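A quick write-up on the structure given underneath.
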Amino acid sequence: MVPDKIPRRHLTREEILQSPEYLYLCQPIIRDIVQMPDDEEYFNLFLHLETWEAPDYIKEVFSYKFGGYDYQNRPIWMVKLGGRPVKDILDRGEGDLLERYLWQFAHWGAKSIVARPLEENPSRRVVVLVDALQVSSLVSYMNGSSKLKVSSLVSYMNGSTLGFLIRMVRKYRVVSKFLLGLGVGINISKVGTLIVNLLKPLARKNLKKIELYTYDNTSWEPRLQEVFGRKKIPDFEGTNRGFYRVVLKSD
């Protein structure tokens with residue numbers, strides 16, 4: 001997967017510290033999640049997440065792109081679940097890398113929130129649309145030299161994957177409540193619904209913001225058209241971030 005070219009904006013240290021995205025991400029409700037009380041360490045994490053690109057095999061778990069703004073001026077992020085099972089990443093001992101990729105997604109979501117003034121997006125939240133078609137069907141993926149065919153959504157139903165999902169929901173429950181305005185899942189199978197139901201007791205009120213739709217596009221297409229405010233729904237393919245990367249200007 002070739003990442004889209006993202007423009008870079010070179011700023012001084014002081015300009016970054018005073019930028020809307022950095023100030024937003026410094027709010028305690030967000031910063032406390034990463035447990036970095038040291039200002040320099042947190043500043044370096046911000047710079048890292050601005051420019052880091054996850055390996056392609058991580059992006060095969062899911063990819064995300066900026067899709068514009070909804071009728072309430074909330075930024076829309078479109079997520080496409082891929083064919084590589086989470087367990088494959090965990091078996092490689094790279095759960096931390098997958099979590100960093102998840103955190104970077106939240107990082108870009110925060111950037112999109114402050115890209116427009118408070119008057120235009122008073123909710124200060126994002127909309128997340130998830131297409132689960134690929135994980136809800138039989139897909140193939142590469143694992144070393146062996147080509148395997150698996151029902152990748154069923155592959156979520158194992159101890160290590162469910163354990164990882166439970167840890168992520170618990171850890172990010174508060175910040176997701178803070179950032180998420182609406183979540184819409186389409187092409188969700190019975191297994192996917194089962195997984196969501198398993199996580200309900202942990203997610204609590206967050207799930208009230210989430211709508212799930214099956215493969216019937218006559219049910220979810222009108223909902224997405226309502227979200228975008230137009231009939232044409234953008235493609236879920238791609239990794240366009242929609243905004244520039246912040247890079248520390250050299251002296």
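The numbers here are math on the coordinates, done by the rules we state, and not lab data. Quantities reported herein were computed from a predicted structural model and do not represent experimental measurements. Reconstructed Cβ throughout: ideal geometry from the backbone, glycine too, with neighbour counts over all protein chains shown.
Based on the Cβ-Cβ distance from I29 to W52, what FRET efficiency comes out when R0 is 35 Å, to the nearest 0.05? Let's see the in-between values first.
Working: r = 23 Å, r/R0 = 0.66.
Calculated transfer efficiency: 0.95.
Taking the Cα centre of each part, how many Å lie between the range 210-246 and the range 1-63?
Value for the Cα centre distance between the two parts: 25 Å.
Quick one: angle between helix 39-51 and the longest Cα principal axis of the chain, in degrees between 0 and 90, rounded to 10, please.
Compared with the principal axis, the helix lies near 60 degrees.
Could you give each residue of the range 212-221 its phi-based ³J(HN,Hα) in whole Hz, using Karplus coefficients 6.51, -1.76, 1.60 with θ = phi - 60°, and x for Gly or Pro?
10, 10, 7, 6, 6, 5, 5, 8, 8, 4
Based on the mean of other beta carbon atoms within 10 Å per residue, what is the order of 18-31, 169-182, most packed first? Don't jump to the answer; show the numbers that get you there.
Working: 18-31: 14.7, 169-182: 16.8.
Per-residue Cβ counts within 10 Å, averaged per peptide and sorted highest first, yield 169-182, 18-31.
Measure nothing fancy, just the Cα-based angle from helix 190-203's long axis to the longest principal axis of the chain, in degrees from 0 to 90, nearest 10.
Taking the Cα atoms of the chain, the angle to 190-203 is about 40 degrees.
On the Cα set of the chain, report Rg and Dmax in Å, please.
Expressed in Å, the Cα Rg and Dmax of the chain come to 18.2, 56.
Ordered by residue, what ³J(HN,Hα) values in Hz, to whole numbers, does the range 57-71 give under the Karplus form 6.51 cos²θ - 1.76 cosθ + 1.60, where θ = phi - 60° and Gly and Pro are x?
So the Karplus estimates, Gly and Pro as x, are 5, 6, 5, 6, 6, 7, 10, 9, 8, 7, x, x, 10, 8, 5 Hz.
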